[in-house]
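Engineer: Have a look at this one.
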Amino acid sequence: MPHIVAVGFRRINKMLQELAPVVADRAVVDVLDVGFEEAVARVKALQARQPVDVVVAAGSNGGYLRQHLDVPVVLVKVGGFDLMQALAQARQVSDRIGLVTYVGMAPDLQRFEQLFDFAIAQRSYCTEDEARACVRELQRDGIAVVVGSGVAVDVAEQLGLTGLFLYSMDAVREALADAVEVARAARIQQAKRERLNTLLAQLSDGVIAVDTQERIETLNPAMAQWLGIDAGAWQGRRLSAACPELSLQSTLRLGLPELEKIERVRGRQLIVNRIPIVEQGVLTGAVLSAQDAVAIQRVDRHIRARAHSQAASARYDLSQLAGRSASSQRVQALALQCAHSSATVLLLGESGTGKELIAQGIHRASDRRDMPFVAVNCAALSETLLESELFGHEEGAFTGARRGGKIGLFEAAHKGTIFLDEIGEMPLALQTRLLRVLQEREVLRVGAVEPTPVQVRVIAATHRDLAEQVAQGRFRLDLYYRLNILRIEVPPLRERLADIPDIAAVLLAKVRERLGTGAGSGMGDGPGERMGWGAVWQALMAQAPHHSWPGNVRELDNLIERLVVCVPPAAVLSSAEATQLLRELAPELCAVAGAAPSPSGGEDSHGVGVSGDRAQALRPAQRLSEREHILATLADCGEDKALACQRLGISRTTLWRKLRAG
């Protein structure tokens, strides 16, 4: 309940004592028979034990309390009826009447004099001594009756005059009722203020509110923490004097909002909004809200990462790594072991061997499976564009930079995995920046001055011999050691020929799904049938072990799609017809071995079918023809290895290995 303290001497105190029970159901009322300095001390002592909402007092005592207390003071007011009643009583005693009031003339006194046709000598005072002087002056003027406050009446009676107390019970009752309403309103305002302060205390944004003189009224904990100050110590201070960088003088002067301005305050970069406070069309102050730029970047990064997670999610599991050969099983087991670690993984292998499938499988098997998987081909972009894509850029960092800046792929992969394909093609300048990301786990955007922390797992892949690249000065040794922590060498398809049937079956299913062809299309007889598509399939499986597969699994995938598209849906083919059709549709499959395919396991140069053992015996001759073909291509290209690799469809590493093997 509200706490009211009523203060008054003698007569007014007696009235307060009598009327206090009237409001006891709405407020706790303490009545004090003291005044002035002693009253101030007693009220402050009560405040220390229980908050005081309102003080009730009369006359000079009330005026003094208003000046020395920081709580509302309700004065007992003299109404027109009180004045008329007191003067009427005085007229019955004498025509010589004096009126002594606190500060100023009594209301409607002139009209009362005219109405009743008698003169009233009025005096006013501010202090108790002035009240005594006023009564003595009236005595000298022959006044017999003094109407006034308690002090004036007491002095008049001491001097032998008749004293009539001006305040009525109704005036005191009304003052107490007003005090209850003021206290109730104050409690409501206090509750609102506490609620607002509680809300402001929970905000991560910093908030400062000032009045029209720019004196600080509210400063929440977040802002106090950023500024390194005690919020209470700044209450009532001018903001521009306490912290010039956050000044609200311009906002108060112009009455216009200022939004999203970047300020550097106490070593912290803040995004500041300044807004005028207008109540019922009147400017009553201004508010400043601020956000930590680093926190905004962190939230932005989190939102982008969550939004990006669906679009950049990994699709493949390690179980989809087809093949039952020992080398395939070894790669799958090693990849699963790598998935249980957060260390950087380096995948080595020729193009088309399925390095990205393994990278996605590692991600899906790790505890980061629900986080983003972001892949980037380091050979597909120019140096400038690759830098912007990997690390992001700030607004205005370069000509054509996106408005508002751009998040980099490292930030997009925060808490997930980034797959750096063709890492061996990365320019040296970017290798240095990548090394810092791996060491410090933070990214510096192009044009930025403050790094952004990232938590990301790196999987890198290349078809190049990085050790050779290091020896040639084309790859940083320190970056090589940073990448070469967990290492998986993915064997080429020609080294796991036994896996071709399993891999081809998986690829065939995917091609049919992609092209929308099924069992009822004329091509869905299945790889085991001897007529139509089945015959072509058997011819392909017979010739596949004799091909070097420079494009590896990717080449096999493309070849299967070519056959699915080009074999007539209603074709009914014999083995010989299927063999001839395969020779026409896939001449490269027969060019290296110089032999036509056969469903039974292969044919020699004369077209005679041979067993699996005989096919194995033909492989040294196949390698010899392959080496001769490579040497001929090199000679035709003027010993330009890059051009020769392009024509042959193989990497420089593969070229180097095949020449050395010969």
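The values are calculated or read from the model by the stated rules, or taken from the named source; none is laboratory data. Worth saying up front: this structure is predicted, and the values here are computed from it rather than measured. Methodologically, a virtual Cβ is constructed for each residue, glycine included, from the backbone with ideal geometry; neighbour enumeration extends over all protein chains shown. Accessible surface is based on the protein model in full, side chains and every heavy atom, while ligands, DNA and RNA are left aside. Shrake-Rupley method; radii C 1.70, N 1.55, O 1.52, S 1.80 Å.
Engineer: Using a cut-off of 28 Å between alpha-carbon atoms, which lysines can reach K77, once sequence neighbours fewer than 8 places away in the same chain are excluded?
Structural biologist: K14, K44
Engineer: Multiplying the sequence separation of D478 and E130 by 0.36 nm and subtracting their Cα-Cα distance, what value in nm do you get?
Structural biologist: Working: separation 348, 0.36 × 348 = 125.28 nm, distance 9.36 nm.
Residue separation times 0.36 nm, minus the Cα-Cα distance, leaves 115.9 nm.
Engineer: Amide H of G163: which non-local residues (sequence gap of 5 or more, or other chain) have their own amide H closer than 5 Å, using H built in the peptide plane?
Structural biologist: HN-HN under 5 Å from G163: V146.
Engineer: A further question follows. Please report the relative contact order for the range 1-70, taking Cα pairs under 8 Å with a sequence separation of at least 6, and give it as a percent rounded to a whole number.
Structural biologist: Averaging sequence separation for qualifying contacts and normalising by length gives 44 percent for the range 1-70.
Engineer: On to the next question. Starting from the amide H of N220, placed 1.01 Å from N in the peptide plane, find each other amide H under 5 Å away whose residue is 5 or more places distant or on another chain.
Structural biologist: V207
Engineer: Residue-wise, which Karplus ³J(HN,Hα) couplings in Hz belong to the range 220-225, taking 6.51 cos²θ - 1.76 cosθ + 1.60, θ = phi - 60°, and x for glycine or proline?
Structural biologist: Per residue, the Karplus-derived 3J(HN,Hα) values read 7, x, 4, 5, 4, 5 Hz.
Engineer: Can you run phi through the Karplus equation (6.51, -1.76, 1.60; θ = phi - 60°) for the range 340-357 and list ³J(HN,Hα) in whole Hz, with x for Gly and Pro?
Structural biologist: Going residue by residue, I get 7, 10, 9, 6, 5, 10, 10, 9, 10, x, 5, 4, x, 8, x, 5, 5, 4 Hz, with x marking Gly and Pro.
Engineer: What aspartates and glutamates does K415 reach when the alpha-carbon gap must be under 13 Å and sequence neighbours fewer than 8 apart in one chain are set aside?
Structural biologist: The reachable aspartates and glutamates, counting only those whose Cα sits under 13 Å from K415, are D367, D370, E442.
Engineer: Below 30 Å, Cα to Cα, which lysines can K510 reach? Residues fewer than 8 away in the same chain don't count.
Structural biologist: K355
Engineer: So with the 1.4 Å probe, I'd like the accessible area per residue for the range 163-247, rounded to whole Å². Write down the numbers at each step before the final one.
Structural biologist: On the way: 4430 Å² over 85 residues.
Value for the range 163-247: 52 Å² per residue.
Engineer: Can you compute the modelled spin-label distance between A632 and A498, with each label point 7 Å from Cα toward Cβ, in nm?
Structural biologist: Each label point lies 7 Å from its Cα, and together they span 3.4 nm.
Engineer: Tell me the label-point distance for the pair E442, R237, using the 7 Å Cα-to-Cβ offset, in nm and rounded to one decimal.
Structural biologist: Each label point is offset 7 Å from its Cα along the Cβ direction, giving 3.0 nm.
Engineer: Still on this structure, please answer the following. Which FRET efficiency value, to the nearest 0.05, do you get for A41 and R193 by plugging their Cβ-Cβ distance into 1/(1 + (r/R0)^6) with R0 = 30 Å?
Structural biologist: Details: r = 27 Å, r/R0 = 0.91.
Plugging the Cβ-Cβ distance into 1/(1 + (r/R0)^6) gives 0.65.
Engineer: Convert each backbone phi in the range 572-581 into a coupling constant with the Karplus relation 6.51 cos²θ - 1.76 cosθ + 1.60 (shift: θ = phi - 60°), then list the ³J(HN,Hα) values in order as whole Hz, x for Gly and Pro.
Structural biologist: Per residue, the Karplus-derived 3J(HN,Hα) values read 10, 10, 7, 4, 5, 5, 5, 5, 5, 5 Hz.
Engineer: Check V265: other-chain or 5+ apart residues with amide H under 5 Å from its amide H, H built from backbone geometry?
Structural biologist: L270
Engineer: Turning to a different aspect of this structure: At what distance in angstrom do the alpha carbon centres of the range 121-171 and the range 1-80 lie from each other?
Structural biologist: Cα centres, the range 121-171 to the range 1-80: 23 Å.
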